[in-house]
Amino acid sequence: MTKVNYCSRIPHSTPGTRQTALLGLAGLLLLTGCSTVGNIVDPLNLRGLGEPPIRVGVTKLEFSPPPLIFVPKWSLFNDGLSFHLNKPVSFDLMTPRQIRVHLGTGRVKFAMLSPADYSQIAHAETSKILAVPKNNNQETHRRGLIIVAAKSPIHALSELKNKRFHFMPSGDILNELALGALLDSGIPKEEIDKGILGLELDTHHISSLEVAKSVVLENVAGVIDEADYNKWPEKGGSFVLLSPSKDQVRVIAKTIRVPEGPFVVSINTPKELTDKVRNYLLKDVNKEKLILAPMGYTGFAEPIDPEEYKPYFELHRKLYPPKPLELQTHTAPAQ
């Protein structure tokens, strides 16, 4: 069934009233649940009053943190971009393959991708990186540290076979990076203790602090964010007071460094539109904390060399190897 986005655009207003408009939209979304959900196809162009929307591909329907819960995290970004361009913008939920194809045809003008999404798109050369988001640590890259308790007898990844391992929140890319590091040391994910009943319910945590706390209490291992670790004091930490220190844990390995997922533009997008969106990402939206916060961003930075993603692409292929060709095609009939 075709899903139509009935949310109205933020009306044109002076700069002094823009923040008020955004706050009003946030409240409206919270109360009504109005959002750009699903494969957004608007044949009647109700949102744009007849003008076809500028389509931005996304691969996941992720909801904003409270108070905008059940609202897609990119809803305010969607409307902010539409306001900036003075044109309708539609965020379309697609598979990476669909985005790759439609970036090539020009039907999708832009896409907001994760590193895993980009691994399925970059080789087609149908797009280029327009900007890279900055995470909550004000950085465009992330790296994981694999830690044990300070007095742990464990000194190498190869010693972690069948031992409990603590991870960041489910879906956090640092978890993949840690699994890749373990795999390179000879330990596949099947040989990691997944917690009670093997359900991983007690091995995923909301922060580096909680991972470190569990690692120390259970005398096992886990992965934390390097940026978080760098903020900890050298000594005198207390997990009870929620203020860990570096001397409470010991780093036994570092994961590869991975860039945040890029915001890309189709090679077929007109230069004028590309320049307008680039200016919005690198200048205007960096001042809009209300728009950025639901996405977990603090801004956008200049594009990076796509080669910086290659170590992650290689790791991703190891963790999720492609199916053999014979399993993807029909068996030829016997002659």
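The values are calculated or read from the model by the stated rules, or taken from the named source; none is laboratory data. Quantities reported herein were computed from a predicted structural model and do not represent experimental measurements. No Cβ is skipped: glycine too gets one built from the backbone with ideal geometry, and neighbour counts run over all protein chains shown.
From the list Ser75, Ser114, which one is farther than 17 Å from Lys276 by Cα, in contact with a Lys or Arg (Cβ under 8 Å, 6 or more places away or on another chain) and surrounded by 16 or more Cβ atoms within 10 Å (Cβ to Cβ)?
Working: Ser75 fails: in contact with a Lys or Arg (Cβ under 8 Å, 6 or more places away or on another chain).
From the options Ser75, Ser114, the qualifying one is Ser114.
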### Query
Is it the case that the range 221-229 has a residue that's out of contact with any strand residue (DSSP E or B) (no Cβ under 8 Å at 6 or more places or on another chain), among the charged types (D, E, K, R), in contact (Cβ under 8 Å) with a residue 40 or more places away in the chain and closer than 17 Å to Met168 by Cβ?
yes
### Query
Quick one: in the range 78-92, which of the residues that are of a type outside the set (S, T, N, Q) and under 11 Å from Met112 (Cβ atoms) is surrounded by the most Cβ atoms within 10 Å (Cβ to Cβ)?
Phe91
### Query
Out of all the residues in the range 161-174, which are closer than 20 Å to Arg250 by Cβ and modelled with pLDDT of 95 or more?
Phe165, His166, Phe167, Met168, Leu174
### Task
Find all pairs meeting these conditions: Cβ atoms under 6 angstrom apart; at least six residues apart or on different chains; first residue within the range 74-102 and within 19 Å of Thr298 (Cβ to Cβ); second residue of a type in the set (Val, Ile, Thr) and crowded, with 18+ Cβ neighbours inside 10 Å.
Leu76/Ile291; Phe77/Ile291; Asn78/Thr36; Asn78/Val89; Gly80/Ile291; Leu81/Val89
### Message
On the basis of being closer than 24 Å to Lys246 by Cα and surrounded by fewer than 14 Cβ atoms within 10 Å (Cβ to Cβ), does Ile206 make the cut?
### Response
yes
### Query
Can you name the number of the only condition in (1) within 27 Å of Lys283 (Cα to Cα); (2) surrounded by fewer than 23 Cβ atoms within 10 Å (Cβ to Cβ); (3) of a type outside the set (D, E, K, R); (4) at pLDDT 95 or above that Ser64 fails?
(4)
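Answer yes or no: is there a residue in the range 228-239 that is crowded, with 16+ Cβ neighbours inside 10 Å, part of a helix (DSSP H, G or I) and touching a Lys or Arg at 6+ places or on another chain (Cβ under 8 Å).
Yes, some residue in the range 228-239 is crowded, with 16+ Cβ neighbours inside 10 Å, part of a helix (DSSP H, G or I) and touching a Lys or Arg at 6+ places or on another chain (Cβ under 8 Å).
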### Query
Any idea which of Leu157, Leu145 is in contact with a helix residue (DSSP H, G or I) (Cβ under 7 Å, 6 or more places away or on another chain), crowded, with 20+ Cβ neighbours inside 10 Å and over 19 Å from Tyr320 (Cβ atoms)?
Leu145
### Query
Can you pull out the strands (runs of 3 or more DSSP E) entirely within the range 81-169 that have at least 3 residues that are closer than 30 Å to Asn219 by Cβ?
141-149
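Per-residue answers, yes or no, for (1) part of a helix (DSSP H, G or I); (2) among the β-branched types (Val, Ile, Thr); (3) assigned by TED's automatic domain parsing to the domain that holds Arg107:
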position: Asp247; (1), (2), (3): yes, no, no
position: Val265; (1), (2), (3): no, yes, yes
position: Arg278; (1), (2), (3): yes, no, yes
position: Leu282; (1), (2), (3): yes, no, yes
### Task
Any chance you could count how many residues in the range 170-209 are without any contact (Cβ under 8 Å) to a residue 24 or more places away in the chain, more than 25 Å from Lys318 (Cβ to Cβ) and part of a helix (DSSP H, G or I)?
2
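I'd like to verify a number: residues in the range 284-323 that are in a loop (DSSP other than H, G, I, E, B) and in contact (Cβ under 8 Å) with a residue 60 or more places away in the chain, how many?
7
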### Task
Among the candidates Met168, Met112, single out the residue that is out of contact with any Cys (no Cβ under 9 Å at 6 or more places or on another chain), closer than 30 Å to Lys287 by Cβ, outside the structural domain of Lys287 (by TED's automatic domain parsing) and among the hydrophobic types (A, V, I, L, M, F, W, C).
Met168
